Structure formats: structure tokens, C-alpha cells
Amino acid sequence: MGNVHAATSSAPSPNVPAPPIPSVPPPVPPSQQPQPESPILAPVDSALNPGTFEDLHKNCKEVFPQVFEGGKLIISKGLSSHFQISHTLSLATFQPSGYRFGCTYVGTKQFSPQEAFPILIGDIDPSGNLNANVIHAFSERLRMKCVAQIQNNKCVASQFTTDYKGSDFTASLTAGNIDPVSSSGLLVGQYLQRVTSSLSLGAELLHQFGPQIPGGQISVLSLAGRLTGDNWQASANISPLAGNLHACYVHKISDQLSVATELETSMRLQESTATIGYQVEIPNAHTTFKAQLDTNWCIGAVMEKKLQPFPFTFALSGYANHVKGQYRFGVGLIVG
């Protein structure tokens, strides 16, 4: 439960996916359940739908650790089956620190036992800086996500995303930081199609406009693909005009061990970074260990241990950049 609020404490940006959907309450009575859609639109089969374009590398990213530094204390409390609050206190040098109050509301509109809508997630600090996320599904196929960040009484970031899930494809449209006054903003169209049971192909078109852009506007096209096996997944997306390549591979060796590797290349900057990481689950010790190493000689690791039978999770984090000589360590406690 605490991991939901730990994720939402970071500031959202137009290129960051919306936060993960939290656990949902028990199914509502039949009288409150949504009515089935028209027979013309059959229910979406999650086994056939390829998911969204932004989740293309999600399985690989989940293996890598989310390092932090300093001290962190998260206390969460469920006030009901639909509403939960959290208190986050962090003390850090290189990352934002201080106190933040967060809350999460999960509605009663369900399309599956794993998710319910609407979902409202937000957190605020004593200065009034606010992060807000709203996720709502109007039907089993159509859902919308809104993200906003307010700092110093100004909306510094906003994002609106609409996803349409077909039987074997997903189409998404995102509008970010649209400002009619200065005629600036960002539009992103994404499409992911399942070609076979193991292969999905897609494309993304990014269009940015504004007075700060040379020529007033710029468009970038990216092509993507994902190949899935029984216990592995390979994904990649390439932008030919921008000269960018992003490739990931994740392999689940056993129920306790997963390994992943990632490659990011920019031909324009003449730079490439490769990262390898692994995740180890130790069920008998209620412990999860994640670590990574990249070609810039940066090492990061996070250990999380549940202190049974208490609702506590103890976390240790370490990060070392041997090239710049930077070393950061963190300790955290999640209650609830």
C-alpha cells in the first residue's frame, strides 16, 4: 500500500507514465456494477490486447531499482475501502525533501477484479506545491488520464491522455503543456498493434510547437516493436530522424530471479549507455533486492524487507558514480 504513495511523491512530467493503479476494493454489489457494453463492441480480452505504447518497456524498468538518498518515512492509513491517506517525510541533499501529505480515492466502477474507477491520487507540501493524477474509464475500451503539477501558484506541467483499447490494438492521444496564450505545447499520438501471439508493432508521432522551437514546430516519428516469449521479453523503439534507439530485454529465470538489460543510444549526441540489472525475491526472508550497473560506472541497489508480522517495510538504498566520485546512501521505513 505504501508503494503507491512512494511513487506519487515524485513530480510528474509530460513524458512520464501515469502512476500504477493501486489495489482495488472488493467487488461492488450487482446492483451497482456497470451494465455490459453493446454486443457490437465485445469485451476487451486482456490476453489479446497489447497494452499501451508507453508501457512498452515497463517489464524491464520494473527490474531496475529506484534509488533514493537520505532518510524517508512513509506512513499510510486506509480510512475506508475506497479512501487512503499518507504522510511522507524525506530528508535529502540532492532530491526534494520535506513533508508531503497524500491521498488516494478508488471508485466503485469496475470492469475487472484488478481495477476500479475513477482513481484520484494527489499529494501536497506545506508550501502548496501540488501533484495531482486522475484516471477514469468511461467504458471498458475508453479511459482518460490527467496529470497536473502546481508550483509557486503556477501550473508548471499538465498532461491529458486518452487511451482506446481495441480487441488487438491500443491507440493513445496525449496533449501536454498546452498554452493557448503562447501557442505552445506538445501532442503525441501512439498506436500499438498485436500482429501475432508473440509480436506487437507500433508507432509514435510527436509534434511540438512554440516560439522556442526552431521553425516554430517540429515532428518526430518513432517505430517500435515487442517480442514476447514464455519467460522473456524484448522491446525496442527507434527514431530515424532524431537518431535515437532504445532497446530492452528482460528474462525471468525463476520465480525468485529476473534479469534485464537496457540500451539507450543517441546518434546526434554520439552517446550510448547500456545498463544491466537484476531482481531477487527471497520469500522466506520477505526480502526483495534490486541492483544495476551501467557503462558510465554507476552502481545502484535497493533492498526492501517486510518486518513481519508488523505492517512495516524497511528499505536501504545505495548509489555510486565512480567517474564523478559521487556516493549516495538512503534509509527508509514504510508503515502501512
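The values are calculated or read from the model by the stated rules, or taken from the named source; none is laboratory data. None of these values were measured; they are calculated from a predicted model. Positions of Cβ are generated from backbone atoms using ideal geometry, with glycine treated the same way; all protein chains shown enter the neighbour counts. Ligands, DNA and RNA are excluded from the accessible area calculation, which covers all protein heavy atoms including side chains. Shrake-Rupley method; radii C 1.70, N 1.55, O 1.52, S 1.80 Å.
Kindly list the number of the only condition in (1) out of contact with any Leu (no Cβ under 7 Å at 6 or more places or on another chain); (2) part of a strand (DSSP E or B); (3) open to solvent by less than 80 Å² (accessible area, probe 1.4 Å) that fails for S254.
For S254, the exception is condition (2).
Of all residues in region 172-217, count the ones that are touching a strand residue (DSSP E or B) at 6+ places or on another chain (Cβ under 9 Å), outside any strand (DSSP E or B) and among the hydroxyl-bearing types (S, T, Y). Break it down into steps so the answer makes sense when it comes.
Here is the first cut: in region 172-217, the residues touching a strand residue (DSSP E or B) at 6+ places or on another chain (Cβ under 9 Å) are 172-179, 183-195, 197-213, 216-217.
Subsequent filtering for residues that are outside any strand (DSSP E or B) retains 183, 195, 197-198, 210-213, 216.
Add one more test, that the residue is among the hydroxyl-bearing types (S, T, Y), and what stays is 183, 197-198.
Qualifying residue count, region 172-217: 3.
Only one of V4, V44 is closer than 30 Å to L186 by Cα, modelled with pLDDT under 90, out of contact with any Pro (no Cβ under 9 Å at 6 or more places or on another chain) and open to solvent by less than 40 Å² (accessible area, probe 1.4 Å). Can you tell me which? Reasoning before the result, please.
Values: V4 fails: out of contact with any Pro (no Cβ under 9 Å at 6 or more places or on another chain).
The match here is V44.
Working carefully through the options G202, G189, G210, G229, find the one that is surrounded by 17 or more Cβ atoms within 10 Å (Cβ to Cβ), small (G, A, S) and touching a residue at least 12 places away in the same chain (Cβ under 8 Å). Step through it out loud before you land on a result.
Details: G189 fails: surrounded by 17 or more Cβ atoms within 10 Å (Cβ to Cβ); G210 fails: surrounded by 17 or more Cβ atoms within 10 Å (Cβ to Cβ); G229 fails: surrounded by 17 or more Cβ atoms within 10 Å (Cβ to Cβ).
One residue alone meets the criteria, G202.
Any idea which of T273, T261 is at pLDDT 95 or above, among the hydroxyl-bearing types (S, T, Y), within 22 Å of the chain's Cα centre (by Cα) and crowded, with 17+ Cβ neighbours inside 10 Å? Spell out how you get there, then give the answer.
On the way: T273 fails: crowded, with 17+ Cβ neighbours inside 10 Å.
Sole residue among the options that is at pLDDT 95 or above, among the hydroxyl-bearing types (S, T, Y), within 22 Å of the chain's Cα centre (by Cα) and crowded, with 17+ Cβ neighbours inside 10 Å: T261.
More than 25 Å from L192 (Cβ to Cβ), out of contact with any Cys (no Cβ under 9 Å at 6 or more places or on another chain) and among the hydrophobic types (A, V, I, L, M, F, W, C) - does that describe any residue in region 232-248? If you could, list the steps in order and put the result at the bottom.
Filtering region 232-248 down to residues more than 25 Å from L192 (Cβ to Cβ) leaves none.
Within region 232-248, none of the residues are more than 25 Å from L192 (Cβ to Cβ), out of contact with any Cys (no Cβ under 9 Å at 6 or more places or on another chain) and among the hydrophobic types (A, V, I, L, M, F, W, C).
Can you find a residue in region 153-164 that is buried (at least 17 other Cβ atoms within 10 Å of the Cβ), out of contact with any helix residue (DSSP H, G or I) (no Cβ under 9 Å at 6 or more places or on another chain), basic (K, R) and assigned to a strand (DSSP E or B)?
no
Which pairs turn up if I take residues in region 262-283 that are over 22 Å from N244 (Cα atoms) and look for partners that are polar (S, T, N, Q) and open to solvent by less than 40 Å² (accessible area, probe 1.4 Å) with beta carbon separation below 6 Å, at least 6 apart in sequence or on another chain?
Q279/S258; E281/T288
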